[in-house]
C-alpha cells in the first residue's frame, strides 16, 4: 500500500486551508479596522470644528473687524483660497500631464524611472521649505517678470498693478502651490496613462495615427476620469495648503483679481496660521469656524473627485 504524497493528505489540506482562512480573516479585520479608524478620525475632526466653530458665527461685530459679520469675514478668505488653488491648477496641470505622458509613452525606461523618482521626491519636501524658497528666492527672481506683465498687460485685470516691489504676490504664491501639487497630479496621471490597453494603442498606430494622435484618440479617452480625479485631488491639496502661502503672501482681507499687486487676498489656512496665536477666545472661535468652511470645501472637492472616478470606472466596465 502506497502512502499518498504529503500535499494530497486530507489532514494536511485541511490544515493549510484553515491557515489560509485565518490569514484572510486577520487581513480583512486589519483592513476594516484601518478604514474605521480613518472614518472615526474624520468624524472627530468634523465634530470638533462644529462644536468649537459654531460660536464663531455669532460673535460681536468687533471680533470680525474690519468685517461686520462672519459671512463678510469669511467670504474674502474663501475667495483667496479658491483663487490661489485655481491659479496653481492652471500652472501645474499642463506640466503634470506633459511629464506623465513623457514618462509613460516617450522616455526610455531608464530615463522614465529616474524622472518619475525625482518628481515623486517633490512630494516629500516640507511645505515650510517651499515657503522659504518662495519668499526668499522665487519672489525676488520673479519680480522682473511681474513688472513686465504690469507694463505690457496692464489692460488685463489680473495684471493691472501697481506692481509689488518685493514680488511676494498671489502670482508667486500660485507658482509655489503649483510646484507643490505637481507630484500628486503627475503620479496619478502617469498611472492612468500607463493602464491604457496596449491593443487600443496598437490599433490606433496600425490605422496610421501618429504617436500624438494615438495619445489623443486612445490614451486620453481611456484615462479621462483618472485625469479629472488627479486634477481634483491636486485642487484639494492646494485648497488646504497653509505655511507656504502664509510665508509668501503679505495678505489682507480683500477681494481682488490683481495677481501682481502688493495687496493680496488671504487664504483661509494662511489666515488661521497667522492669527491663531494672538487671537482672543472669540477670535479663535471665528478662526475655527473658517476652518470648518475650509473642511467642508475640501471634503466636497475630494468627494466630487471620487464620484467622477467611480463614474468613469463604471463606464469603462460596460
*Only one residue in 108, 94 is free of Cβ contacts under 8 Å to residues at least 60 places away in the same chain and within 30 Å of residue 163 (Cα to Cα). Which one?*
94
*asked:* I need a count of the residues in the range 112-166 that are over 25 Å from residue 250 (Cβ atoms) and within 20 Å of the chain's Cα centre (by Cα).
replied: 9
*Please state which of the following conditions residue 65 fails to meet, knowing it meets all the rest: (1) under 30 Å from residue 258 (Cβ atoms); (2) touching a residue at least 24 places away in the same chain (Cβ under 8 Å); (3) not assigned by TED's automatic domain parsing to the domain that holds residue 301.*
(2)
*Would you pick out the residues in the range 248-264 that are farther than 12 Å from residue 160 by Cα and crowded, with 24+ Cβ neighbours inside 10 Å?*
248, 249, 264
_Hits in the range 56-77 (condition: surrounded by fewer than 19 Cβ atoms within 10 Å (Cβ to Cβ) and under 30 Å from residue 172 (Cα atoms))_ = 65, 66, 67, 71, 72, 75
_Failed criterion for residue 154 (all others in (1) touching a residue at least 12 places away in the same chain (Cβ under 8 Å); (2) in a loop (DSSP other than H, G, I, E, B) hold)_ = (1)
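Here's the yes/no breakdown for (1) closer than 13 Å to residue 92 by Cα; (2) at pLDDT 85 or above; (3) in contact with a strand residue (DSSP E or B) (Cβ under 6 Å, 6 or more places away or on another chain):
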{"position": "179", "(1), (2), (3)": "yes, yes, no"}
{"position": "182", "(1), (2), (3)": "yes, yes, no"}
{"position": "188", "(1), (2), (3)": "no, yes, no"}
{"position": "224", "(1), (2), (3)": "no, no, no"}
{"position": "240", "(1), (2), (3)": "no, no, no"}
*Restricting the search to the range 223-255, which residues are over 16 Å from residue 273 (Cβ atoms) and not in a helix (DSSP H, G or I)?*
223, 254, 255
*Only helices (runs of 4 or more DSSP H) wholly contained in the range 166-222 count here; list those with 1 or more residues that are free of Cβ contacts under 8 Å to residues at least 12 places away in the same chain.*
198-206, 211-214
*Being within 30 Å of residue 215 (Cβ to Cβ) and surrounded by 18 or more Cβ atoms within 10 Å (Cβ to Cβ) is the filter here, so list the residues in the range 106-135 that pass it.*
116, 119
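The values are calculated or read from the model by the stated rules, or taken from the named source; none is laboratory data. On a predicted model such as this, the values are computed, not experimentally measured, just so you know. For neighbour counting, all protein chains shown are included, and Cβ atoms are generated from backbone atoms with ideal geometry for every residue, glycine included.
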